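The structure under discussion appears below in the form of C-alpha cells.
Where a number appears in this text, it was derived from the coordinates with a stated rule and is not lab data. Everything quoted here is computed from the prediction, not taken from an experiment. Note: ideal-geometry Cβ built from the backbone for every residue, glycine included; neighbour counts use all protein chains shown.
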Amino acid sequence: MKTPLLPTFLGCLLLLTQGFADWPAFRGPNGDGIATDQRAPVRWSETENIRWARPLPQPGNGSPIVLGSQVLLSGSVDPDGMRRGLYSFETATGKQQWVRTINLHRKMPTHKTNPYGASTPASDGKTVVVWHGSGGLHAYDMEGKPKWQRAYGEFEHMWGYANSPVIHADKVILYTGPGMKRSFVTVLDLQSGETTWEKDEPFTGTGEKNDQGQYLGSWCTPTIHKGQVLLALPTRINAYDLAKGTIAWTCDGVAHPRGDLGYSSLVLCGDIVFYTGGFRGPMLAVRTTGKGNVTGDRLFRVEKQPQSIGSGVFVNGYIYRPNAGPGTIDCIDPKTGKIRWSERAGDAFWASIIMVGEYLYATSQDGRTTVFKPNPERLESVATNVLKDRVNATPAAAHGRLYIRGFKALYCVHQPYR
C-alpha cells in the first residue's frame, strides 16, 4: 500500500509559507542574531509548550544550532573537560542520534562560569565544524563521520575558551581566542581543511595579562561583511580581507584601564560597526568603509559601560544590547552612542539577544526569557517565560521552535500555531 503524498506535500508547503528555516551558527544564519524564521513561541514555562527536554551530561555555554532534523551542540562528557564532544539530537523528540568525542591529554584551566563546551558549532547543511580549543578544530559530515581535523596546540587561559567558527562561501573562519603562546585568525577550505591564510594577533604580557598586569583576551566570534572578516581583538577591531588575510583597516579603543578584553561579538548597523568591550569596557562605533588606521574616524567612544558578554541586535536604526551586570537591556543609537533607555529585565545576561519575526528574545542566567517588541521609546514587554535552569547560551530559533541550552538540559519550546 502506497503512502499518500498529499499530506506530506501540504506539510512541506506549510513550512515554506510560514518562513521556517535553519539556525546554522552562532547568532543565526547571518551571524547578526536575526532569524529567517518568521515565527517562534512567545509563551512557555516548565509545564507549558515544552515539547521535550533532553538532559545533558555537563553544563556548557555553547549555543545549539539547527539543521533540518538535527540539533547540534558541543559539550564535555566529563566534568574535567578531558573528553569533549559534538552531539546530534533529533529535533522532533530530542533523542540523541550520535556523539563524536575527542580526548585531551591534560585538564585545561577555565573559569567556573565558563564550563567546557563553550563554543558553538557551524554548518552549511553538509559539513559541521566544531572548535574544542586545545582539542583542535574538527569537521564531520551530518551523520557524524569525520572529514578532517586541525590541531593547533594548547590554548591555555584561566578563563577558558569560547570562540566559535563561522562558515562563509565554502570557507571556515576561526579566531582561536586567547592563549599563552599565540592567538590568531585563520581561514580554511571547508571541504579539505587546508589553510587559506593565517594571521597572528600580537600581544604583550603573558597571554592572560598584559604587560601592565591587567587581564587580557578576546572571545569574540568573527563577523563577515562585504568580503571582510570583522573581529574585536583585545586592544582593537580589525577588518581582514577574506580572500587574502591582509588587514584592510584597524580601529584602536577596545583596551581600557581595567584590561584588554573582548567578550561579545560586533554588531553591524549597515556600514557602521558597534562594539562594547569586556569588563566594563568602552562602547565605540566606526564606519566599515575606511582604510588603514581609522581610529581618528570613530563616531564615538564612551568609557565604563555595563559588563558586556552577550551580543546585541540592530533593528530599525537602533541596537538592543543585553548587559551581564546589571541585568539590564539598553536601547542605543549606533550613530551617536546615546542610550535611549535602559531597563532591568532579569538576572545577568550572558546570552545574546535574538529576533524572530516581530519580537526580540533576551534570556538571562536565571532561565528567564523576556519577549519584547523593538521600540526606541521604552521596553515594550510582551511576555516573561521562566525555565528552572541556569542559561548562559544563546537560544536557536528554527522551524517555528526555540532551542534553549541550559546547564541541566537542552529544551525544545514549541507553541502550536493557529
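The distance linking the range 270-287 with the range 97-141 is 28 Å (Cα centroid to Cα centroid, whole angstrom). Springs between Cα atoms under 10 Å define the GNM used for the chain, and in it the highest mean-square fluctuation of THR235, THR246, THR47 occurs at THR47. About the Cα centre of the chain, how large is the charge dipole given +1 on each Lys and Arg Cβ and -1 on each Asp and Glu Cβ? Please answer in debye to the nearest 20. Dipole about the Cα centre, nearest 20: 460 debye. Can you classify the range 17-414 as rounded, prolate or oblate using the Cα gyration tensor, where a ≥ b ≥ c are the square roots of its eigenvalues, rounded means a/c under 1.5, and otherwise it's prolate if a/b beats b/c and oblate if not? Since a/c stays below 1.5, the shape of the range 17-414 is classed as rounded. Could you tell me the relative contact order of the range 17-414? Use alpha-carbon pairs under 8 Å, at least six residues apart, and round to a whole percent. Normalised by residue count, the contact order of the range 17-414 is 16 percent.
For ARG182, what is the net charge nearby, where nearby means another residue's Cβ is under 13 Å from its Cβ and Lys, Arg count +1, Asp, Glu -1? Here the count lands on -3. Simple rule: put +1 on each Lys or Arg Cβ and -1 on each Asp or Glu Cβ in the chain, find the dipole, and look at ILE34, VAL187, GLY281; the Cα lying farthest toward the positive end is ILE34. Arranged from fewest to most other beta-carbon atoms within 10 Å of their beta carbon, PHE314, PHE89 become PHE314, PHE89. For ARG236, the shell of other residues with beta-carbons less than 10 Å away shows a net charge of -3, using +1 for Lys and Arg and -1 for Asp and Glu.
For ALA243 and LYS304, the difference between the fully extended length at 0.36 nm per residue and the C-alpha to C-alpha distance is 18.4 nm. Is there a quick way to get the dipole size of the range 266-418? I mean about its Cα centre, with the Cβ of Lys and Arg at +1 and of Asp and Glu at -1; what is the value in debye to the nearest 20? So the magnitude is around 160 debye. Among 358-366, 267-275, sorting by the average number of other beta carbon atoms lying within 10 angstrom of each residue, highest first, gives 358-366, 267-275. Can you bin the range 306-361 into rounded, prolate or oblate? Criterion: square roots of the alpha carbon gyration tensor eigenvalues sorted a ≥ b ≥ c, rounded for a/c under 1.5, prolate for a/b above b/c, oblate for the rest. Because a/c hits 1.5 or more and a/b fails to exceed b/c, the range 306-361 counts as oblate. Grab the beta carbon distance between ASP141 and GLU377, set R0 = 51 Å, and tell me the FRET efficiency rounded to 0.05. That gives a FRET efficiency of 0.55.
Please tell me which of these pairs span more than 30 angstrom C-alpha to C-alpha: LYS145/LYS408; LYS107/LYS199; LYS199/LYS291; LYS226/LYS408? Over 30 Å apart, Cα to Cα: LYS226/LYS408.
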